[in-house]
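Asks: One structure is given below, represented as structure tokens, and several questions about it will come after.
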Amino acid sequence: MDYKDKIAFITGGAHGAAFGQAQYFGRLGCRIFIVDIRGDALEAALEKLRAEGIEAHGAQMDLMDREAYARVADQVEDIYGGPPELLFNTAGVFAHGPTEASTYEDFDWVMGVNLNGVINGMVTFVPRMIKAGRPGYIVSTSSMGGFGGHDGTALYSAAKSAVISLMESYREALAKYDIGVSVLCPANINTNIALSSDTRPAHLGKSGYVVNEESKQALKDIYQHGMDPLELAENVHKGIEANQLYILPYPEVKEMVAAYFNNILKAFPPLESDPEGAKKRTEALMEWGQKRRHIFTQKSKDAPV
């Protein structure tokens, strides 16, 4: 891909992995638009990008606000003359605590940013990207935590798992429009995500988790040893160039993921345990695919594309 003058839209762009993407792809020649919920941090990030000679604009925005998302998308088109060719759904928040203590507000915040934030980016921009008719690419950030649920990170893992599945589906759907899709699954990144609770909306403040300076410092102690955001962005670039569905630049986690999927495979009974039933079910599914699938893939007259 020739990145010169490509429009790159990046969520959570004032800090961490997203700011690393803004720097890296800006240095490749992209025109950058970042959004972040933190206004002061947003302005500071834009100043840093512009100081490097990177063309950069931004807007303060809550990813859970769909109307605001649409307004910002219009702003991008007003400034740059069209929608982004590169969409990075990168923003995320982290909450740690006992699964059984999770409140509705914990779910609404963690899912609202980590999953609905991605959904809002896709529903807002994908129709615009298709209508523009230009080749494009989308990278959404999940996590190694998306491969399996764990007590303490249940909500985070559930949201990130959904992002993986969602990007797998979008990759199939958007190939015909020359829009590539990858899902980035980092492990540890040297970011300030340990402080993400500071951005939690007041109306979603009721939590079953302990959040104080000690808990924040404990998370910071872990993340300070993570991959540098610019190094991670370089791996994202390589993933785009290779058109990889999964971008997994953490070799130390490979065995853990393999063990997870091996546990799933071990749960299947052998085919010979029900050969006739398996044959009937498979044939029925193939017949459905050949004869009836078109019923569900026709676009509604009200569809945005």
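The values are calculated or read from the model by the stated rules, or taken from the named source; none is laboratory data. Model, not experiment: these values are computed from the prediction. With ideal geometry, Cβ positions are generated from the backbone for all residues, glycine too; neighbour counts draw on all protein chains shown.
Asks: Output the residue which, of all residues in the stretch 149-184 that are over 17 Å from the mean Cα position of the chain (by Cα) and acidic (Asp, Glu), is surrounded by the fewest Cβ atoms within 10 Å (Cβ to Cβ).
Replies: My answer is Asp151.
Asks: While we're here: Taking His57 and the conditions (1) free of Cβ contacts under 8 Å to residues at least 60 places away in the same chain; (2) within 30 Å of His150 (Cβ to Cβ), which numbered condition does it fall short on, given that it satisfies the others?
Replies: For His57, the exception is condition (2).
Asks: With the requirement that a residue be surrounded by 16 or more Cβ atoms within 10 Å (Cβ to Cβ), under 22 Å from the mean Cα position of the chain (by Cα) and part of a loop (DSSP other than H, G, I, E, B), what does the stretch 54-81 give you?
Replies: Selection gives Met61, Asp62, Leu63, Met64.
Asks: Taking the stretch 282-305 on its own, how many of its residues are more than 34 Å from the chain's Cα centre (by Cα) and either at pLDDT 95 or above or exposed (fewer than 10 other Cβ atoms within 10 Å of the Cβ) (or both)?
Replies: Total satisfying the criteria: 1.
Asks: Can you pull out every residue in the stretch 82-115 that is assigned to a loop (DSSP other than H, G, I, E, B) and either surrounded by fewer than 17 Cβ atoms within 10 Å (Cβ to Cβ) or touching a strand residue (DSSP E or B) at 6+ places or on another chain (Cβ under 8 Å) (or both)?
Replies: Gly82, Pro83, Pro84, Glu85, Thr90, Ala91, Gly92, His96, Pro98, Thr103 - these are the residues of the stretch 82-115 that are assigned to a loop (DSSP other than H, G, I, E, B) and either surrounded by fewer than 17 Cβ atoms within 10 Å (Cβ to Cβ) or touching a strand residue (DSSP E or B) at 6+ places or on another chain (Cβ under 8 Å) (or both).
Results for (1) under 25 Å from Phe107 (Cβ atoms); (2) surrounded by 16 or more Cβ atoms within 10 Å (Cβ to Cβ); (3) outside the structural domain of Ala91 (by TED's automatic domain parsing); (4) touching a strand residue (DSSP E or B) at 6+ places or on another chain (Cβ under 6 Å), shown as yes or no for each residue.
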position	(1), (2), (3), (4)
Pro186	yes, yes, no, no
Asp198	yes, no, no, no
Val210	yes, no, no, no
Glu214	yes, no, no, no
Tyr223	yes, yes, no, no
Ala242	no, no, no, no
Glu255	no, no, no, no
Ala258	no, no, no, no
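Asks: Which one of the conditions (1) under 22 Å from Asn190 (Cα atoms); (2) of a type in the set (A, V, I, L, M); (3) touching a helix residue (DSSP H, G or I) at 6+ places or on another chain (Cβ under 6 Å) does Ile54 fail to meet, given that it meets all the rest?
Replies: Of (1) under 22 Å from Asn190 (Cα atoms); (2) of a type in the set (A, V, I, L, M); (3) touching a helix residue (DSSP H, G or I) at 6+ places or on another chain (Cβ under 6 Å), only one is false for Ile54: (1).
Asks: Can we say Gly148 is of a type in the set (Gly, Ala, Ser) and outside any loop (DSSP other than H, G, I, E, B)?
Replies: Against the criterion (of a type in the set (Gly, Ala, Ser) and outside any loop (DSSP other than H, G, I, E, B)), Gly148 does not qualify.
Asks: Within the stretch 1-34, how many residues are more than 20 Å from Ala242 (Cα to Cα), part of a loop (DSSP other than H, G, I, E, B) and over 15 Å from the mean Cα position of the chain (by Cα)?
Replies: Summing the residues that are more than 20 Å from Ala242 (Cα to Cα), part of a loop (DSSP other than H, G, I, E, B) and over 15 Å from the mean Cα position of the chain (by Cα) in the stretch 1-34 gives 3.
Asks: State whether the residues of the stretch 132-141 include one that is within 20 Å of Phe9 (Cα to Cα), modelled with pLDDT of 95 or more and either touching a Cys at 6+ places or on another chain (Cβ under 9 Å) or in a helix (DSSP H, G or I) (or both).
Replies: The answer is yes; a qualifying residue exists.
Asks: So, in the stretch 35-53, exactly how many residues are part of a helix (DSSP H, G or I) and touching a His at 6+ places or on another chain (Cβ under 8 Å)?
Replies: 3
Asks: Look at the stretch 222-248 and say how many of its residues are assigned to a loop (DSSP other than H, G, I, E, B) and more than 17 Å from Val163 (Cβ to Cβ).
Replies: 6
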